[in-house]
Amino acid sequence: MDKRWTIKIGVMVAVFVAIGFSAMAIEPIPQQSGFGGYVQPSAGYLKIKSNMVAKVASFDLSDKRINSIFDEPSSESDVIVSPPFEINYTFAGTRTQLFLGTQLIDLLRFDFSQQLGVRQEIGSLGVLQGGVLFSGIPSKVWKDPYVQGQNRKETTRSSAGARLVWDRIFGTAFQAQYTYRNVDISSEKSGQFLGLSSAASNRLRRDGDLHEAAMLYRFRFGERHGLTPELILGYQDREGDARTNESIGTQVTYTYRGDPISLVLNGSYTYSDYDKRNPIYNKTQEDDSYGVGATVFYKNPWGWSLLGSKPMNFVLTTAYSYNDSNIDFYKEEVVLATAGVLFRW
């Protein structure tokens, strides 16, 4: 798997793209110059089973101590808060918009990256967007996830990269997107507790370069209904051959735009294939990941707003994902329910 491209929606909590925001178009650039943006404070319930991710912000996502590296993970429950936002400035004369913010799709992957970028209308060619990604709130992973019978220690996982989007390609409903990230594990000690050789431990290293390319098409049925199939190509070129993987997946998103209620429904499936045999489990990992999600937007009938925003929307989201791996240790499951409000300017 030296330079092969892959199709990937994601693994573990990454499957929360199932909620469907990835299928949304880039919003039209306003006709007037000035500031704009949105903020969507939300809170809710999270239940997760994972052996690999320790913490995001103050939210614990897996047990510090496990009894056996041959068992499936136990579940953790927590109250979570998510603060997606964007602030932008439009130059109407040149059809250019600068922006800074946290993309909804990234938060649904528990990736608190910030993006600083620019959007540019290019006439009948569509809209181009380019941005730099950087870690806003680095997540925590385990230095050595395979420690058993005693407490595991945390280390920082940070990432930086870039994202390019071409929307409404040649005036059509096609959208293409490419994302690159370099992932760095501050203190990588995978497999050392088990006394693996240096060569075997190196096959478990998680640092590396992540590539992801997506293509979607938005079908419209009347003024209110939409259906968006999406294909996502990805390649995770990790330093450890046993953690390098390729996958093939798809997702389908249904949208209903009504007044006062709008709805987004989504389902996804991903097959992931890893490059080399895992030195601990003596087999090559394969994953089947499934996800479903629903988000309801309710436009408040009282016209409530914040600091001159458009009337706010109430937002309710539920999602479920399951990663079925042929190695029990890597199986993962997530249940999510959140409620919040959406303000747009």
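The values are calculated or read from the model by the stated rules, or taken from the named source; none is laboratory data. What you see is a predicted model; the values in this text were computed from it and never measured. Neighbour counts are summed over all protein chains in view; Cβ atoms, including those assigned to glycine, are modelled from backbone coordinates with ideal geometry. Side chains are part of the model used for accessible areas, which takes the heavy atoms of the whole protein and leaves out ligands, DNA and RNA. Shrake-Rupley method; radii C 1.70, N 1.55, O 1.52, S 1.80 Å.
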Handout entry: Single condition residue 279 does not satisfy, out of (1) touching a strand residue (DSSP E or B) at 6+ places or on another chain (Cβ under 8 Å); (2) at pLDDT 95 or above; (3) not β-branched (Val, Ile, Thr)
Key = (1)
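With modelled with pLDDT of 90 or more and open to solvent by 30 Å² or more (accessible area, probe 1.4 Å) as the only criterion, which of 118, 81, 11 stands out?
Values: 81 fails: modelled with pLDDT of 90 or more; 11 fails: modelled with pLDDT of 90 or more.
Of the residues listed, the single one that is modelled with pLDDT of 90 or more and open to solvent by 30 Å² or more (accessible area, probe 1.4 Å) is 118.
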Exercise for the section: Quickly run through the stretch 197-229 and pick out the residues that are in a strand (DSSP E or B) and at positive phi. Expected result: 208
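Assess whether residue 259 counts as being assigned to a loop (DSSP other than H, G, I, E, B), surrounded by fewer than 20 Cβ atoms within 10 Å (Cβ to Cβ) and not aliphatic (A, V, I, L, M).
Details: assigned to a loop (DSSP other than H, G, I, E, B): yes; surrounded by fewer than 20 Cβ atoms within 10 Å (Cβ to Cβ): yes; not aliphatic (A, V, I, L, M): yes.
For residue 259, the condition - assigned to a loop (DSSP other than H, G, I, E, B), surrounded by fewer than 20 Cβ atoms within 10 Å (Cβ to Cβ) and not aliphatic (A, V, I, L, M) - is met.
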Problem - Considering residues of the stretch 263-314 that are open to solvent by less than 40 Å² (accessible area, probe 1.4 Å) and hydroxyl-bearing (Ser, Thr, Tyr) only, the residue farthest from residue 206 (Cα to Cα) - result: 309
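In the stretch 202-228, which residue that is open to solvent by less than 70 Å² (accessible area, probe 1.4 Å) and free of Cβ contacts under 8 Å to residues at least 40 places away in the same chain is nearest to residue 277 (Cα to Cα)?
The first filter runs over the stretch 202-228 and keeps only residues open to solvent by less than 70 Å² (accessible area, probe 1.4 Å), leaving 203-214, 216-218, 222, 226-228.
Now narrow it down to the ones that are free of Cβ contacts under 8 Å to residues at least 40 places away in the same chain: 205, 207-209, 222, 226-227.
Working: 205: 13, 207: 18, 208: 18, 209: 20, 222: 50, 226: 43, 227: 39 Å.
Ranking the candidates gives 205 first.
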Exercise for the section: Would you mind stating whether residue 172 is modelled with pLDDT under 95 and hydroxyl-bearing (Ser, Thr, Tyr)? Expected result: no
Completion exercise
By residue number, the members of the stretch 229-286 that are over 19 Å from the mean Cα position of the chain (by Cα) and of a type in the set (A, V, I, L, M, F, W, C) are 242, 261, 263, 280
Fill in the blank from the handout: Taking the stretch 285-302 and keeping only residues that are aliphatic (A, V, I, L, M) and more than 25 Å from residue 272 (Cβ to Cβ), one is left with 296
Exercise for the section: Being open to solvent by less than 30 Å² (accessible area, probe 1.4 Å) and touching a helix residue (DSSP H, G or I) at 6+ places or on another chain (Cβ under 8 Å) is the filter; apply it to the stretch 234-256 and report the residue that is farthest from residue 190 (Cα to Cα). Expected result: 255
Fill in the blank from the handout: Over the stretch 129-174, the set of residues among the basic types (Lys, Arg), closer than 30 Å to residue 215 by Cβ and open to solvent by 40 Å² or more (accessible area, probe 1.4 Å) is 157, 168
Exercise for the section: For the stretch 86-95, indicate whether the set of residues that are touching a Phe, Trp or Tyr at 6+ places or on another chain (Cβ under 8 Å), of a type in the set (S, T, N, Q), crowded, with 16+ Cβ neighbours inside 10 Å and at pLDDT below 85 is non-empty. Expected result: no
